[in-house]
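Take this structure, written in structure tokens, and hold onto it; I'll ask about it next.
The values are calculated or read from the model by the stated rules, or taken from the named source; none is laboratory data. Everything numeric here is computed off the predicted structure, so don't read it as measured data. When we count neighbours, we look across all protein chains shown, and the Cβ atoms used for this are built from the backbone with ideal geometry, even at glycine. The area values use the complete protein model at the heavy-atom level, side chains included, leaving out ligands, DNA and RNA. Shrake-Rupley method; radii C 1.70, N 1.55, O 1.52, S 1.80 Å.
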Amino acid sequence: MTKFLLTVHILAAILAVGPVAVAASMFPPTVRRALAAPDDAQALASVRLLYRICRVYAAVGVAVPVFGFATASTMHILGDTWLIVSIVLTTLAAGALIALILPRQDALLTELDAAATAQSGPVATVDARRTVRLAMFTGVFNLLWAAVTVLMILRPGSTTGG
């Protein structure tokens with residue numbers, strides 16, 4: 001059972017967190033491209049798609065800690081320091097996504113949509129500096145997940161000799 005839970009945990013991490021990390025990283029430069037070409041419907045469609053990927057895969061990503069806890073429970077390692085640190089980092093990454101990244105993506109997309117609907121030409125209400133801050137938050141999110149991944153691979157006391 002432990003191997004099954006671990007396999008599902010790893011697959012969920014790859015298939016859920018990976019797309020969010022990539023789409024969230026692509027979002028700020030794609031918004032900047034949409035700002036530079038306000039009449040480009042494809043640029044706005046790309047922004048919408050990236051936002052949808054982030055939202056959907058963030059919801060699917062709930063499976064990662066669920067199966068992680070189940071795996072840790074069957075392995076009797078819930079109290080291990082490396083795992084507790086991983087849980088804290090995962091919580092911080094989820095918090096960054098929920099509180100800092102998705103709301104900012106939504107606000108930028110809403111403003112781009114409003115400008116496109118009004119066909120007001122260049123989007124004066126969207127400050128490109130907001131995309132830089134969003135990129136910073138996304139970078140922190142990705143670094144947190146990278147740290148969790150390293151802990152999962154190198155886990156102190158591992159029986160794999162890692």
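Output the 0 to 90 degree angle, nearest 10, between the alpha-carbon long axis of helix 2-12 and the longest principal axis computed from the alpha carbons of the chain.
So the helix axis and the longest Cα principal axis differ by about 10 degrees.
Moving to a separate point now. Taking 7 Å along the Cα-to-C-beta vector as the label spot, tell me the F4-A118 distance in nanometres, rounded to one decimal.
5.6
Another question about this same structure. Could I have the simple spin-label model distance between L15 and A37, label points 7 Å from Cα toward Cβ, reported in nm to one decimal?
Placing both labels 7 Å along Cα→Cβ, they lie 3.4 nm apart.
Hey, rough spin-label estimate for V150 and A45, points 7 angstrom out along Cα→Cβ, what's it come to in nanometres?
Rounded to a tenth, the inter-label distance reads 4.1 nm.
Quick check: Cα centre of region 1-57 to Cα centre of region 70-107, how many Å?
If you average the Cα positions of each part, the centres end up 18 Å apart.
Which of (i) 22, 20, 16; (ii) 38, 14, 11; (iii) 29, 18, 16 is the computed semi-axes √(5λ) of the Cα gyration tensor in Å for the structure on display?
From the options (i) 22, 20, 16; (ii) 38, 14, 11; (iii) 29, 18, 16, the structure gives (ii).
A follow-up question, please. To the nearest 10 degrees, how steeply does helix 128-154 sit against the main Cα axis of the chain, on a 0 to 90 scale?
On a 0 to 90 degree scale, this one is about 10.
For the chain, with all protein chains present and a 1.4 Å probe, just round the carbon and sulfur fraction of the accessible area to a whole percent. Before the final figure, lay out the partial values.
Values: 6370 of 9020 Å².
Its accessible area is 71 percent carbon and sulfur atoms.
So for Y57, Y51, what's the accessible-area order with a 1.4 Å probe, most first?
Details: Y57 85, Y51 25 Å².
The most accessible residue leads, giving Y57, Y51.
A further question on this structure: Cβ under 14 Å from A45's Cβ, A45 left aside: what net charge do those residues give with Lys, Arg +1 and Asp, Glu -1?
On the way: positive: R33, R48, R52; negative: D39, D40, D113.
So the environment of A45 carries a net charge of 0.
With a 1.4 Å probe and all protein chains left in place, how much accessible area per residue does region 25-162 have, in Å²? Provide the component values of the computation, followed by the final result.
Values: 7660 Å² over 138 residues.
Normalised by residue count, the accessible surface of region 25-162 is 56 Å².
Moving on. Report Rg (one decimal) and Dmax (nearest whole number) for region 63-134, counting Cα atoms only, units Å.
19.6, 60
Add -39500 (n - 2.57) for each DSSP H run of 4 or more in the chain, then divide by its residues: what number comes out at 222 nm, to the nearest 500 deg cm²/dmol?
Values: 7 runs with 122 residues, N = 162.
The per-residue figure over the chain is -25500 deg cm²/dmol.
Would you mind checking region 67-110 for residues with the amide N under 12 Å from a putative spin-label position 7 Å along Cα→C-beta of V140?
Only 92-101 pass the distance filter.
Sticking with this structure for a sec: Rounded to the nearest 0.05, what FRET efficiency do M75 and V22 have when you use their Cβ-Cβ distance and R0 = 35 Å?
Efficiency for this residue pair is about 0.70.
Here's something else I'd like to know. Can you give the FRET efficiency to the nearest 0.05 for W82 and R52, using r as the Cβ-Cβ distance and R₀ = 41 Å?
Numbers: r = 35 Å, r/R0 = 0.84.
After rounding to 0.05, the efficiency reads 0.75.
May I ask you to give the average projected area over all directions of the convex hull of the Cα atoms of region 1-88, in nm² rounded to one decimal?
Numbers: hull surface 25.4 nm².
With the hull built on Cα positions only, its mean projection is 6.4 nm².
Run the numbers on region 1-61 and let me know its relative contact order in percent, using alpha-carbon pairs under 8 Å that are six or more apart.
It rounds to 46 percent for region 1-61.
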